[in-house]
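**Student:** Below is one structure. I have some questions about it.
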Amino acid sequence: MLPGFPSQPRVFFNKSRMPYSRWLQTLGRFSDRIAIIDGADTWTFADLAERLAATPIAHGPVLARGGVPDIAVATLRGWRDGQPVLPLEKDATEPELPAEMPAGIAHLKLTPGIAGKPRAVFFTAEQICADGDRLTAAMELSPAVPNLAAISVTHSYGFSSIILPMLLHGVPVHAVEVPFPRVVADALAMHDRIVLPAVPSIWRAWHRSGILAEASSRIALAVSAGAPLSLELETAVFESCGLKLHNFYGASECGGISFDTSATPRNCASDLGSPLDGVSVSVHDSGRFLVASSSVARGYTETRPGEILGDGRFLTQDFGSIAGGQRLQLGSSGAESINVAGRKIGPAKIEAVLMATGMITRAKVFGVPAHDPERVEEITALVELEPDVLLEDLRQLVLAKLAGWECPRHWVTDAADDQWRMGRAELKARFSA
């Protein structure tokens, strides 16, 4: 049994059960209808099935990476062959996974680890399908209205709200390679109605470009997640074109938690909306949200002290309260991971890359609030350079080893001794002042 993984009776995954049987039902209903528009290419549900039939049998975890059609087919391959599916960014390094996967696991997600290596989160078929079903119902997604895939569908938010509704419910997807305003405007012009899930930084770029005002009548639903949605942006979009941005809150370990279904802008930036149907949220003794639902994961590869994940319960890293009418109010986040415009990274990963250069004697990485609220945080690195090493040389080497968004934006080379003794929360407070 893996460390930190709750004891479970050994149940062998039967590929005839959902979600593959669910896919066959979708295929039977929508065989000749368009499933994916990807640039100049279109894929029907039958096309996906044909491409799936040409894939070899998988004998281990299936990595789902590439474009939307690639990820969809890889996901179906894992479902067909009874193997866990791990969505992964195109340029992401293949992670180390457990040599023996827990029985009954159909899906994997990665979260920041302690020592720079990500750790896996395990889901059964029932748990991952429950999340897709819950989001499809909450957002009233329909086979008649496509989803725009302008966010990464390998991240939890994109996979559950775009890939799963397509494969389980027949909701088509229009994929765009980049979320640039003109590219998105061209995609919107192809549809009478479309659903737009995005993160606040993308919503701001679209708003500033003017494309939302041009296409507001075509947007059936506008969803914002991945990072806090500011009242300033939400109100500006609503006042300029009458489009309501619906704040969505979730976590990798449990999928969707709450959703703001109101027709007008919120009055408070901390308002996370009401729990989704089938999701129960309470405030734990620690002050953090405790979530109970059928989409909570089975467990981590390794559980840290004080964590709760499994048996249908997940203790988030977010502190908050529950107001009248069961609306969640976010207080603060205790998570160590740094949120860069909706993308999250563990500081230990960056520290490991920095130390591996051999150009520094020590490093400490943390996030500070960004001047642009939609960017959320910016990465800051305290480093102690080896003699005769130039900071610019270190920066260039790190840029070659990390994605651009993962690289520190701020560097401190003259930290005082007391700063090296501080925890990340203290450093964040010190350098945010």
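**Student:** State whether the residues of the stretch 253-268 include one that is over 27 Å from PHE289 (Cβ atoms), in contact (Cβ under 8 Å) with a residue 12 or more places away in the chain and either of a type in the set (S, T, N, Q) or in contact with a strand residue (DSSP E or B) (Cβ under 6 Å, 6 or more places away or on another chain) (or both).
**Tutor:** no
**Student:** Something else about it: Scan the stretch 337-363 residue by residue and report those that are in a strand (DSSP E or B) and in contact with an Asp or Glu (Cβ under 7 Å, 6 or more places away or on another chain).
**Tutor:** Residues of the stretch 337-363 in a strand (DSSP E or B): 338-340, 343-345, 360-363.
Of everything in the stretch 337-363, those that are in a strand (DSSP E or B) and in contact with an Asp or Glu (Cβ under 7 Å, 6 or more places away or on another chain) turn out to be ILE338, ASN339, VAL340, ILE345, ILE360, THR361, ARG362, ALA363.
**Student:** Another one. Which number in (1) under 22 Å from SER142 (Cα atoms); (2) out of contact with any helix residue (DSSP H, G or I) (no Cβ under 6 Å at 6 or more places or on another chain); (3) surrounded by fewer than 20 Cβ atoms within 10 Å (Cβ to Cβ) marks the one condition that SER31 misses?
**Tutor:** Exception for SER31: condition (2).
**Student:** Could I ask something else about it? Which of the residues that make up the stretch 225-249 are touching a Phe, Trp or Tyr at 6+ places or on another chain (Cβ under 6 Å) and of a type in the set (Gly, Ala, Ser)?
**Tutor:** Once the filter is applied, which keeps residues that are touching a Phe, Trp or Tyr at 6+ places or on another chain (Cβ under 6 Å) and of a type in the set (Gly, Ala, Ser), the stretch 225-249 yields ALA225, GLY226.
**Student:** Now for a different question. Being more than 21 Å from the chain's Cα centre (by Cα) and among the hydrophobic types (A, V, I, L, M, F, W, C) is the filter here, so list the residues in the stretch 216-232 that pass it.
**Tutor:** ILE219, ALA220, LEU231
**Student:** Same structure, new question: Check VAL291, VAL296 and return the single one that is in a strand (DSSP E or B) and surrounded by 16 or more Cβ atoms within 10 Å (Cβ to Cβ).
**Tutor:** Values: VAL296 fails: in a strand (DSSP E or B).
Sole residue among the options that is in a strand (DSSP E or B) and surrounded by 16 or more Cβ atoms within 10 Å (Cβ to Cβ): VAL291.
**Student:** Filter the stretch 320-334 down to residues that are assigned to a strand (DSSP E or B) and at pLDDT 80 or above, then give me how many there are.
**Tutor:** 9
**Student:** Spot the failing condition for GLY278; the list is (1) modelled with pLDDT of 95 or more; (2) of a type outside the set (D, E, K, R); (3) outside any loop (DSSP other than H, G, I, E, B), and only one is missed.
**Tutor:** Checking GLY278 against (1) modelled with pLDDT of 95 or more; (2) of a type outside the set (D, E, K, R); (3) outside any loop (DSSP other than H, G, I, E, B), the one that fails is (3).
**Student:** Here's another thing I want to ask about it. If you take the residues in the stretch 261-288 that are within 20 Å of SER156 (Cβ to Cβ) and β-branched (Val, Ile, Thr), which one is surrounded by the fewest Cβ atoms within 10 Å (Cβ to Cβ)?
**Tutor:** Only one residue tops the list, namely VAL281.
**Student:** Being small (Gly, Ala, Ser), in contact with a helix residue (DSSP H, G or I) (Cβ under 6 Å, 6 or more places away or on another chain) and assigned to a helix (DSSP H, G or I) is the filter here; which residues of the stretch 34-52 pass it?
**Tutor:** ALA49, the sole residue that qualifies.
**Student:** Inside the stretch 330-361, can you point out the residues that are loosely packed, with under 14 Cβ neighbours inside 10 Å and among the polar types (S, T, N, Q)? Break it down stepwise before answering.
**Tutor:** Within the stretch 330-361, the first condition is being loosely packed, with under 14 Cβ neighbours inside 10 Å, and the residues that meet it are 332, 334, 356, 358, 361.
Correct list: SER332, THR361.
**Student:** Just checking: which of the helices (runs of 4 or more DSSP H) contained wholly in the stretch 370-433 hold 3 or more residues that are more than 23 Å from the chain's Cα centre (by Cα) and in contact (Cβ under 8 Å) with a residue 60 or more places away in the chain?
**Tutor:** 424-432
**Student:** I need a count of the residues in the stretch 176-209 that are surrounded by fewer than 20 Cβ atoms within 10 Å (Cβ to Cβ) and hydroxyl-bearing (Ser, Thr, Tyr).
**Tutor:** Residues in the stretch 176-209 being surrounded by fewer than 20 Cβ atoms within 10 Å (Cβ to Cβ) and hydroxyl-bearing (Ser, Thr, Tyr): 1 in total.
**Student:** Taking the residues in the stretch 235-260 that are touching a helix residue (DSSP H, G or I) at 6+ places or on another chain (Cβ under 8 Å) and under 20 Å from SER217 (Cβ atoms) as candidates, determine which candidate is surrounded by the fewest Cβ atoms within 10 Å (Cβ to Cβ).
**Tutor:** Looking at residues that are touching a helix residue (DSSP H, G or I) at 6+ places or on another chain (Cβ under 8 Å) and under 20 Å from SER217 (Cβ atoms), I get GLY242.
**Student:** Moving on to the next point. If I filter the stretch 372-379 for residues that are basic (Lys, Arg), crowded, with 17+ Cβ neighbours inside 10 Å, closer than 29 Å to PRO200 by Cα and in the same structural domain as ARG424 (by TED's automatic domain parsing), do I get at least one hit?
**Tutor:** Yes, some residue in the stretch 372-379 is basic (Lys, Arg), crowded, with 17+ Cβ neighbours inside 10 Å, closer than 29 Å to PRO200 by Cα and in the same structural domain as ARG424 (by TED's automatic domain parsing).
The values are calculated or read from the model by the stated rules, or taken from the named source; none is laboratory data. Everything numeric here is computed off the predicted structure, so don't read it as measured data. Here Cβ is always computed from backbone atoms with ideal geometry, including for glycine, and neighbour counts include all displayed protein chains.
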